[in-house]
Amino acid sequence: SIYKRLNVLKLDHIHLMQQELPEEVESLLNLRYLAIRAKNIPPSIAKISNLETFSLKHCREVTLPGTIWSMKKLRHLHVRPGPAVIGRLPKDNGVENSSILLNLDTLSNLDLPFNQEGENIMRKIQNIRKLRISSTMAGRNVCCNMSRLESLESLTLLLIDPLRKGSL
């Protein structure tokens, strides 16, 4: 690739219609910042192993691939405007820290289930400082156990009432 030194790529004003990231983007091994507008994020996002900031604009709820958990250098994950569901956590298979994002500092608009799965996600982002959760009001729980988030400085909780088509 002729752009092998490229660190920042902002494509958030161009709607990517493809199901996969272009190979040219995946091959940008020095990329630290990626901003895109897309409906789907393919698992191949994890090929950009040095990515520190990922900003995604989309129209509706989006599912981020489970491979996001393998992006060890990821520091900031922003999804706008609405909630993002992160794919299932990989099974650790006895390797306790294999999918912990120790460097993740900011996570915005995560659709966090308020159950055991949500608590498992909290265990994987222990060093998070800024967290914004968007969630539908399903069940009685207002939130899951966040006691492990000792570095948390800012928490925004947006509850979406599916019956009212708005937020509280």
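The values are calculated or read from the model by the stated rules, or taken from the named source; none is laboratory data. Just so you know, these numbers come straight off a predicted model, no measurement behind them. Glycine also receives a Cβ, built like all others from the backbone with ideal geometry; neighbour counts cover every protein chain displayed.
Observations on the structure shown:
- Within the option set 34, 16, being at pLDDT below 85, surrounded by 17 or more Cβ atoms within 10 Å (Cβ to Cβ) and either over 20 Å from residue 70 (Cα atoms) or not charged (D, E, K, R) (or both) holds for one residue only, 16.
- Residue that is nearest to the chain's Cα centre (by Cα), among those in the stretch 40-61 that are under 21 Å from residue 135 (Cβ atoms) and not in a strand (DSSP E or B): 41
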